[in-house]
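Contents: one structure, followed by commentary.
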Amino acid sequence: MWATKLLLVTLLIIVVESKGKKRNTLHDYRKTADTTLTKHNKALEVKTKFFNTTENCAKRCSRNKGLSFTCKAFAFDKREKRCYWFSFNSMSAYVRKKYNTTFDLYEKKDYIRDCIHGKGSNYKGTRNVTKRGLACQSWTSMIPHEHSFLPSSYRGKDLNENYCRNPRGEEGGPWCFTKSPAVRHEACDIPFCSEVECVACNGEHYRGPMDYTESGKECQRWDLQRPHRHKFRPERYPNKGLNDNYCRNPDGKARPWCYTLDPESTWEFCAIRPCAHRIVNDTEITKDCIKGQGEGYRGTISTTYNGIQCQRWDSQFPHQHNFTPEHYKCKNLSENYCRNPDGSESPWCFTTDPNTRIGHCSQIPKCEASNLQECYYGNGDTYKGTLSITRYRLHCARWDKNIDDLKRHNSFFIFLSFFLLICILCFMYLRHTFKEPNISIIEKNYCRNPDNDVHGPWCYTDNPLVPWDYCAISRCEGDTTPLMGNLDSPITCASTKQVRVVNGYPAQMRNGWMASLRYRNEHKCGGALIKENWVLTAKQCFLSGDIDLKDYEVWLGVHNIYSKTEKHKQVINISQVVHGPKGSHLVLLKLSRSAVLNANVSQIKLPYYGCKIPEKTMCTIYGWGHTGTNNYDGQLHQGNLFIVGNEKCNQLHKGKITVNESEICAMGETSVIGPCERDYGGPLVCEENRTDLMQGVIIPGRGCAIPNRPVIFVRVAFYAKWIHKIVLTYKTP
């Protein structure tokens, strides 16, 4: 079976190679970031010239245009926009790689990889022995075998020294004349690129050199956006091995795959040799707790964090899916137990609730930390450890490279507080919320909390898409220090929140901040526009590890999502998803362009950090979700709820849930009203001083509109500082 599939791929690659379609020349190169080459032999040649792009550099190198030598590699100076073409590569004698953040190194794959595609006619490696171990004869020599394969007769075929080549593209792959008088010529033992490294499990850790699909299509580079635009940029997924255009599995599919260079075929699986034996890292297998993201969890918990029963993995009811035990044999998709087959943030499952497709099992405890594992107390402002990696495995950048940013952000809030001196309450809020950063505690690139961030130590990164993030460190076990316990006397709030309700009534056209999050042109979740280009919603809207932002868009200025006459509707794509602090259930969506604010589209205000809402305050939820009837008309609905204190909320939930300081509760006063599926992410809005404030975010609960059971929302005031910090610092789309 495997041999047949390999033969088919080989034949198809030959067909594709013969078509010679126009393509980006960079596909012929292997990139090494922040690197250049240094030579220690004057005979090795270098030529340089100003060029705007790496693609133009690659074209010149591939065509050898204007060069007196055969170009094997080039380095691109990112600051000066200059190309350096080399007659050598990193495997040449008297050449060394040199780390230099100014350069990116590009080497021709044909010269440096030790494997072949198809017939291997492009192979230009340094293998020089045959299958039986016979030494190859030099192509310029006629001893012991005379021949007509002279370098001058086969220009471009790189018949140098005694290296294995296939100048005529014949069956059998690269070969050579041998130094043995008894054997004229013989094929060389060069493996196919599909056989260099085998695929274990679903190939999440495959890092081999295969760059063709199983139908013979050449793969698109991960760092390019044509012919297919995609989200898997290497800088966004630094630990997924998204190098050049090699087959990878960054999103937990059944096996490695890639985008293709065929405009009519977005992506395909790759035919790569499976490993003969199952490879399992036993140190990651757990039953009572989870390590990391819980990919090795093999326990028997079968409910989501909010108590919904899980659907069996081998069942397609009530939710159809592709995560079957047959497709994911090494993921132990047994019964209906929580698992993490796709590398998501934690174990999850499809649920037995038809209105809730996926639920995370975040109630599974983390495995007990060893005595050497670091932790912090309170908000981590006293942490002095040496951890230097973020929660999403990005390496921290040095503080001294970002000290100006740290001071500039603080200066902005000092200026703002001065400007608002006329409002004493505003000044008190800003003075407390944005303190002068404590620069004395920052050191090298270690995680620190110089700005008194309530959510713990953080650091800057070198990733332009993620200027900063929280670190991979948790609060010490048993630490119950209230994170907002040192606030001054409660101040007034200034924020908004909306939600969708069962048994609600049609909303009035004053809710211009309400957003409909669309997935493949269907309403998925609610959200609220908090800035012209930012929408606040719930992370449950993006539970899968495979988030392709091309499938999502945001609708603003709509009242009826089924109506075709909503002339004020604005449709905007999403350029980035920023996950909230650990346990927040929040995400911020950065829009690809700013919304046009008008009478139908507006921003909702957020509450001041740490402010509290008096019990029995009447608030409103908004949404386009399930209404409790079968005749849904597509209109935005709303319902009134009053605030319930956390202590009473815990009593009404009969001890099954403990509401903490990052949550807020509300319930209907007389009728049963509450949010449901497709309302998630929407706001809980409370009015104060004639100002609508987003006080909560709707997240999944244990059912919809249950009598005598308050609805639990994310408390926006607890995360106000994080929201302001993201909006201020995340400038790159």
*Of the residues that sit in segment 200-228 and are in contact (Cβ under 8 Å) with a residue 40 or more places away in the chain and within 15 Å of the chain's Cα centre (by Cα), which one is farthest from THR53 (Cα to Cα)?*
GLU204
*Can you tell me which of ALA187, ALA182 is surrounded by 17 or more Cβ atoms within 10 Å (Cβ to Cβ) and among the hydrophobic types (A, V, I, L, M, F, W, C)?*
ALA187
*asked:* Exactly one condition in (1) within 30 Å of PRO464 (Cβ to Cβ); (2) touching a helix residue (DSSP H, G or I) at 6+ places or on another chain (Cβ under 9 Å) is false for GLU214; which is it?
replied: (1)
*Search result, residues across segment 198-214 that are of a type in the set (S, T, N, Q) and in contact with an Asp or Glu (Cβ under 6 Å, 6 or more places away or on another chain)*: THR213
*Residues in segment 237-271 that are out of contact with any Phe, Trp or Tyr (no Cβ under 9 Å at 6 or more places or on another chain) and either under 22 Å from LEU105 (Cβ atoms) or free of Cβ contacts under 8 Å to residues at least 12 places away in the same chain (or both): how many?*
1
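Give segment 59-104 a look and list any residue that's in a helix (DSSP H, G or I) and not small (Gly, Ala, Ser), or say none.
LYS59, ARG60, CYS61, ARG63
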*Selection from segment 56-103 of residues that are at positive phi, out of contact with any Lys or Arg (no Cβ under 9 Å at 6 or more places or on another chain) and without any contact (Cβ under 8 Å) to a residue 24 or more places away in the chain*: ASN64
*Out of curiosity, is ASN511 farther than 30 Å from LEU387 by Cα, of a type outside the set (Lys, Arg) and modelled with pLDDT of 75 or more?*
yes
*Which of the residues spanning segment 283-331 are closer than 20 Å to VAL199 by Cβ and in contact with a Leu (Cβ under 6 Å, 6 or more places away or on another chain)?*
PRO325
*Residue by residue through segment 307-330, note down the ones that are surrounded by 20 or more Cβ atoms within 10 Å (Cβ to Cβ) and modelled with pLDDT under 90.*
TYR328
*May I ask you to verify whether VAL727 is of a type outside the set (Lys, Arg), in a helix (DSSP H, G or I), surrounded by fewer than 23 Cβ atoms within 10 Å (Cβ to Cβ) and at pLDDT below 95?*
yes
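For every residue, the table says whether it meets (1) among the acidic types (Asp, Glu); (2) under 30 Å from TRP257 (Cα atoms); (3) at pLDDT below 95.
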position: PRO144; (1), (2), (3): no, no, no
position: TYR163; (1), (2), (3): no, no, no
position: PRO174; (1), (2), (3): no, yes, no
position: ASP189; (1), (2), (3): yes, yes, yes
position: ASN202; (1), (2), (3): no, yes, yes
position: TYR212; (1), (2), (3): no, yes, no
*Restricted to segment 191-225, and to residues that are surrounded by fewer than 20 Cβ atoms within 10 Å (Cβ to Cβ) and in contact with a Pro (Cβ under 9 Å, 6 or more places away or on another chain), which residue is nearest to CYS115 (Cα to Cα)?*
VAL196
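Take segment 552-571 and flag every residue that is touching a Phe, Trp or Tyr at 6+ places or on another chain (Cβ under 8 Å), surrounded by 15 or more Cβ atoms within 10 Å (Cβ to Cβ) and outside any loop (DSSP other than H, G, I, E, B).
TYR552, GLN570
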_Failed item, numbered, when GLY343 is tested on (1) in contact (Cβ under 8 Å) with a residue 60 or more places away in the chain; (2) within 19 Å of CYS541 (Cα to Cα); (3) in contact with a strand residue (DSSP E or B) (Cβ under 9 Å, 6 or more places away or on another chain); (4) part of a loop (DSSP other than H, G, I, E, B)_ = (3)
_Scan segment 256-279 and tell me whether some residue there is on the phi > 0 side of the Ramachandran plot and at pLDDT below 95._
no
*Which one of the conditions (1) part of a loop (DSSP other than H, G, I, E, B); (2) in contact (Cβ under 8 Å) with a residue 24 or more places away in the chain does PRO151 fail to meet, given that it meets all the rest?*
(2)
*Do the conditions hold for SER302, that is, is it surrounded by fewer than 19 Cβ atoms within 10 Å (Cβ to Cβ), touching a residue at least 24 places away in the same chain (Cβ under 8 Å) and within 30 Å of VAL659 (Cα to Cα)?*
yes
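Looking at segment 378-399, which of the residues that are among the β-branched types (Val, Ile, Thr) and surrounded by 17 or more Cβ atoms within 10 Å (Cβ to Cβ) is farthest from LYS582 (Cα to Cα)?
Keep residues of segment 378-399 that are among the β-branched types (Val, Ile, Thr), which gives 382, 386, 389-390.
Retained after the next criterion (residues that are surrounded by 17 or more Cβ atoms within 10 Å (Cβ to Cβ)): 389-390.
Details: ILE389: 15, THR390: 12 Å.
Checked segment 378-399; the qualifying residue farthest from LYS582 (Cα to Cα) is ILE389.
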*Only one of (1) more than 30 Å from HIS228 (Cβ to Cβ); (2) at pLDDT 90 or above; (3) of a type in the set (Lys, Arg); (4) in contact with a strand residue (DSSP E or B) (Cβ under 8 Å, 6 or more places away or on another chain) is not met by LYS366, so which one is it?*
(2)
_Of the criteria (1) over 23 Å from ARG391 (Cβ atoms); (2) not in a loop (DSSP other than H, G, I, E, B), which one ILE613 fails_ = (2)
*If you scan segment 40-55, which residues turn out to be at pLDDT below 95 and either surrounded by 14 or more Cβ atoms within 10 Å (Cβ to Cβ) or assigned to a helix (DSSP H, G or I) (or both)?*
PHE51
*Can you pull out the residues in segment 654-666 that are over 31 Å from the mean Cα position of the chain (by Cα) and either buried (at least 18 other Cβ atoms within 10 Å of the Cβ) or assigned to a helix (DSSP H, G or I) (or both)?*
ILE657, CYS665, ALA666
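Kindly evaluate PRO181 against the criterion of being modelled with pLDDT of 95 or more, closer than 28 Å to ILE272 by Cβ, part of a loop (DSSP other than H, G, I, E, B) and of a type outside the set (D, E, K, R).
No: the conditions fail for PRO181.
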*Which residue out of GLY169, GLY120 is in a loop (DSSP other than H, G, I, E, B), in contact with a helix residue (DSSP H, G or I) (Cβ under 9 Å, 6 or more places away or on another chain) and surrounded by 14 or more Cβ atoms within 10 Å (Cβ to Cβ)?*
GLY169
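The values are calculated or read from the model by the stated rules, or taken from the named source; none is laboratory data. All values derive from a computational prediction rather than experimental measurement. Positions of Cβ are generated from backbone atoms using ideal geometry, with glycine treated the same way; all protein chains shown enter the neighbour counts.
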